[in-house]
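Structure, as structure tokens:
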Amino acid sequence: ATLAREPGPRVLALGSAPSVELPPAATSAMRRSGRPARAVLSMCAAAAVWCVSTSSAFLPARLPRAGHVATARRASKQVQEDMEKIKQYEDKAFDEMLYPPEQMWKTSPDGMIIREKYQGARDFVSIFWSIVQPAASLGFLIVGVSTYVGEPIVDWNPITKQFLGFLRPNEMIQWIPQGIFMSFYGFFGFFLFGPLQLFLVATNKGTGVAEFNKYTRKMTIVRDEEMIKEVDFEDIKQVVMEYSTMSALGSREVYLIDTNGQEIRFMETVDDLPKRVLERRASTLANFLDVDLDVIES
């Protein structure tokens, strides 16, 4: 009987080592089963290459691109400019704190004109006293006259009796001497000084300016729209800053000395300026006029 030979691997003798020859169907099946594995291996290899090429951890010495370098330089330059602007702003704020602009000379934008402005009589203090002083004087006059006539004159009118009852004199105030003094002060304060104060405030007397002009090379003083003084720059010998520690008796101002040795006082002395402000004022004016600066301290 002949037995059917089942298909199976054949062993071929190649030299001394045996070789196994697989059937075609088995070989094709193995190839098909290995394709997904090769695909997975290919994807893993590609991912590894991408990670290595993009991560700075694997390439610490990788050179940046030219565009990135230019962007970094522009950012660094912008930061430096911002720091310089901040420093300039801080210096300006500190300078304005030491030398407030309202206490310094008023300078034109081109730096060719320096002015010292005179505010005149229309300021807060003058307006306040022009209202309070006449009212107080009228109260003194009413009380003084009431002591003279022997009865409160505010009771003569029902309106003043109702609203000005606090001006009734008590029994401690007599015509001599309190009544005479209060009547004297009230009369002159209400009828003389009161109208004078109101006139000065209404007309703003004393307003003007002292101007140093490089275009005309003249120094002019104008008050109430009238020229008080005019001096050429060539006639100004020096700038003097006088500062006294005794503010009540001494002087604290900046003035000029002409070629004849005469003093030219032009500065408004109402405000008591600090010493550092006067020094800055004096040095600025001396540099502007190109003359010597003399400092007198006492």
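Couple of notes before you dig in:
- The stretch 256-298: number of residues that are in a helix (DSSP H, G or I) and under 17 Å from residue 220 (Cα atoms): 4
- Residue count, the stretch 105-137 (criterion: at pLDDT 90 or above and in a helix (DSSP H, G or I)): 11
- Complete set of residues in the stretch 94-106 that are without any contact (Cβ under 8 Å) to a residue 24 or more places away in the chain and surrounded by 10 or more Cβ atoms within 10 Å (Cβ to Cβ): 94, 95, 96, 101, 106
- Residues in the stretch 165-182 that are surrounded by 11 or more Cβ atoms within 10 Å (Cβ to Cβ), aliphatic (A, V, I, L, M) and either outside the structural domain of residue 144 (by TED's automatic domain parsing) or more than 15 Å from residue 152 (Cβ to Cβ) (or both): 180 alone.
- Flag if residue 161 is at pLDDT 85 or above, surrounded by 11 or more Cβ atoms within 10 Å (Cβ to Cβ), on the phi < 0 side of the Ramachandran plot and not in a loop (DSSP other than H, G, I, E, B): no
- Test: residue in the stretch 203-225 that is loosely packed, with under 13 Cβ neighbours inside 10 Å, under 30 Å from residue 110 (Cβ atoms), in the same structural domain as residue 278 (by TED's automatic domain parsing) and of a type in the set (Val, Ile, Thr): no
The values are calculated or read from the model by the stated rules, or taken from the named source; none is laboratory data. Every value quoted in this text rests on a predicted model; they were computed, and no experiment measured them. Counting neighbours? That spans all protein chains shown, and the Cβs are built from the backbone with ideal geometry, glycine included.
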